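The values are calculated or read from the model by the stated rules, or taken from the named source; none is laboratory data. Quick caveat: nothing in here was measured; it's all calculated off a predicted structure. We place every Cβ from the backbone using ideal geometry, glycine too, and count neighbours over all the protein chains shown.
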Amino acid sequence: MIGILSYSCIVVGIIFWFWGTFPLIGNRSVVFKLHSLSVADTLGSIAIVVGLLLKIPNEWSLLLLAIITLAIWNTVLGYVLAYCSIDGENDDR
Amino acid sequence: MTDNYVYIIVALLPITALMSVLQVNPYNALIIRGILGAVSVMIYAVLGAADVALTEALVGTMLGVALYVIAVRSSFVMRLGIVEPKLEPEPKLELELALAIKQRKIQESEELNENFSFIRETLFKDFEIEPKTYLPEVIDNIRKIVKKHYLRLELVEYPNSEMLEEALASEEVHAICTRQENYSNGSKVLTDRTFVPKDRIAVRVHRLFEILQPQLNIPNSIVEYKAGSDKEEKH
Amino acid sequence: MDSILIAMILALLIPMYEACRNDNIWQQMLAFGSIATKTSIIMLFISVLRDDWMIGVISVIILSVGNAGLMLLAHLIKGLNQT
């Protein structure tokens, strides 16, 4: 039961990854890509790590640290990148 | 240890290395270098060398790329010396200035001095007089040409043309740009027919001269090469 | 498990292709950020797969430090475009 749950978490995370990364190929603006990428990367990665946590609970401290790091740093990074790229890009938005 | 996925992960390294080599713009190449660093960290960790991976991430990717960006940014620059534009009001305006001062009837001389500068500033603001930009079309053109070669153009202003020439000779700047106004020789009398503003761009670095010479096509401008004391190669 | 890992590596290839194809510096920064996150998650996955604490600790450190370095780089490039 736990095994099925963990596998499904990991698969959902990978689906999130693909869903968020495919818009990167198109010719959209940086902010649009940043939006989909930050959502997909953060949520997909957290889903994968939760799946791993269910699978192997004895490494829980490390995985919990990874989840916290992902949740904080990725949002901050998304904000910083948006702030910098809006300022520096006026030519081909 | 020799799982199948290890081969796939290791195959990513030459791909990213090739990408980084093929980039033309130095900044893009540095970002791809960061990607190469991330991929190599993954490979080192997968192969079991945790210390090497940590060093690569901290030093190779973070510190190295940041330092290289700073180094490229401060060295890929062309310094162009110009004579700084003079902020001189036109005579008619000077008259109005005097009128304005008279109208305000300021007695004390100290106060007058302060107020004079104040009035002057406000007048300048009112009449929307900007300090005359010097040679805008030539500078824009040079900036555009130089940008194709990923160089930045930095303007350095000097108070007069003698100091400008001296700065070129002492290698403070890479090139200077001056506007020569043709006077009839010696007597400094301006006749209508001989007044042709002529922009002269003297370049100290030979490679920059090679870049600028064929591409700068503005009428009445010449590019000339002035050999410095040493043959420094730029870019 | 191997097939999941190969799917992750395929997802890693997409931003790489994007970074190679696009010349805009901010798009490349986006791709770089994506790759940095994905590589550390793959490392974490492998560490759990092998039950190896060492790789796991390294991957978590890189997850946080790499993001910090990325922010530094973004600010440097922003200052570059302004001048």
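Among the criteria (1) under 15 Å from the mean Cα position of the chain (by Cα); (2) surrounded by fewer than 19 Cβ atoms within 10 Å (Cβ to Cβ); (3) modelled with pLDDT of 85 or more; (4) within 25 Å of residue C:6 (Cα to Cα), the one residue A:64 does not fulfil is (1).
Out of the range A:1-29, which residues are within 22 Å of residue C:25 (Cα to Cα) and free of Cβ contacts under 8 Å to residues at least 60 places away in the same chain? Lay out the reasoning, then the answer.
Here is the first cut: in the range A:1-29, the ones within 22 Å of residue C:25 (Cα to Cα) are A:20-29.
Passing the criteria: A:20, A:21, A:22, A:23, A:24, A:25, A:26, A:27, A:28.
Of the residues making up the range A:16-53, those that are aromatic (Phe, Trp, Tyr) and within 24 Å of residue C:48 (Cβ to Cβ) are A:16, A:17, A:18, A:19.
With respect to (1) farther than 30 Å from residue B:152 by Cα; (2) out of contact with any Phe, Trp or Tyr (no Cβ under 9 Å at 6 or more places or on another chain); (3) at pLDDT below 85, the lone exception for residue B:78 is condition (1).
Looking only at residues of the range C:35-46 that are more than 9 Å from chain B (Cβ to nearest Cβ) and within 17 Å of residue B:48 (Cβ to Cβ), we find that the one that is farthest from the chain's Cα centre (by Cα) is C:45. Taken over the range B:159-190, the residue count meeting the criterion of being surrounded by 10 or more Cβ atoms within 10 Å (Cβ to Cβ) and modelled with pLDDT under 50 is 3.
I need a count of the residues in the range B:136-161 that are assigned to a strand (DSSP E or B) and over 18 Å from residue B:84 (Cβ atoms).
Here is the first cut: in the range B:136-161, the ones assigned to a strand (DSSP E or B) are B:152-158.
Still in the list and also over 18 Å from residue B:84 (Cβ atoms): B:152.
Residues that pass the stated criteria total 1.
May I ask you to verify whether residue C:32 is within 7 Å of chain B (Cβ to nearest Cβ), within 22 Å of residue A:19 (Cβ to Cβ), outside any loop (DSSP other than H, G, I, E, B) and out of contact with any Asp or Glu (no Cβ under 8 Å at 6 or more places or on another chain)?
Spelling it out, residue C:32 is indeed within 7 Å of chain B (Cβ to nearest Cβ), within 22 Å of residue A:19 (Cβ to Cβ), outside any loop (DSSP other than H, G, I, E, B) and out of contact with any Asp or Glu (no Cβ under 8 Å at 6 or more places or on another chain).
From the residues in the range C:47-65 that are touching a helix residue (DSSP H, G or I) at 6+ places or on another chain (Cβ under 6 Å) and more than 9 Å from chain A (Cβ to nearest Cβ), which one is farthest from residue A:73 (Cα to Cα)? Explain how you work it out, then say what you get.
So the first thing to find is which residues in the range C:47-65 are touching a helix residue (DSSP H, G or I) at 6+ places or on another chain (Cβ under 6 Å), and the list is C:47-48, C:54-56, C:58-60, C:62-64.
This time we only want the ones that are more than 9 Å from chain A (Cβ to nearest Cβ), so: C:54-55, C:58, C:62.
Values: C:54: 22, C:55: 20, C:58: 17, C:62: 12 Å.
Within the range C:47-65, the match that is farthest from residue A:73 (Cα to Cα) is C:54.
Here the range C:66-83 is the region considered, the condition is being in contact with an Asp or Glu (Cβ under 9 Å, 6 or more places away or on another chain) and more than 9 Å from chain B (Cβ to nearest Cβ), and the residue that is surrounded by the most Cβ atoms within 10 Å (Cβ to Cβ) is C:78. Residue selection: residue A:37 satisfies the criterion of being within 7 Å of chain C (Cβ to nearest Cβ), within 11 Å of the chain's Cα centre (by Cα), on the phi < 0 side of the Ramachandran plot and without any contact (Cβ under 8 Å) to a residue 60 or more places away in the chain.
Applying the condition of being in contact (Cβ under 8 Å) with a residue 24 or more places away in the chain and more than 9 Å from chain C (Cβ to nearest Cβ) to the range B:59-71 and asking which residue is farthest from the chain's Cα centre (by Cα) yields B:64.
Going residue by residue through the range B:14-27, is there one that turns out to be at pLDDT below 90 and more than 9 Å from chain C (Cβ to nearest Cβ)? There is at least one residue in the range B:14-27 that is at pLDDT below 90 and more than 9 Å from chain C (Cβ to nearest Cβ). Can you confirm whether the range C:35-42 contains a residue that is surrounded by fewer than 24 Cβ atoms within 10 Å (Cβ to Cβ) and either in contact with a Pro (Cβ under 7 Å, 6 or more places away or on another chain) or at pLDDT 85 or above (or both)? Taking every residue of the range C:35-42 in turn, at least one turns out to be surrounded by fewer than 24 Cβ atoms within 10 Å (Cβ to Cβ) and either in contact with a Pro (Cβ under 7 Å, 6 or more places away or on another chain) or at pLDDT 85 or above (or both). Taking the criterion of being without any contact (Cβ under 8 Å) to a residue 12 or more places away in the chain and not aliphatic (A, V, I, L, M), the residues of the range C:54-75 that qualify are C:64, C:69, C:75. Out of the range B:30-58, which residues are surrounded by 18 or more Cβ atoms within 10 Å (Cβ to Cβ) and more than 7 Å from every other protein chain (Cβ to nearest Cβ)? Residues satisfying the conditions are B:30, B:33, B:36, B:37, B:40, B:43, B:44, B:56. Of the residues screened, residue C:7 is not one that is more than 10 Å from chain B (Cβ to nearest Cβ) and touching a residue at least 40 places away in the same chain (Cβ under 8 Å).
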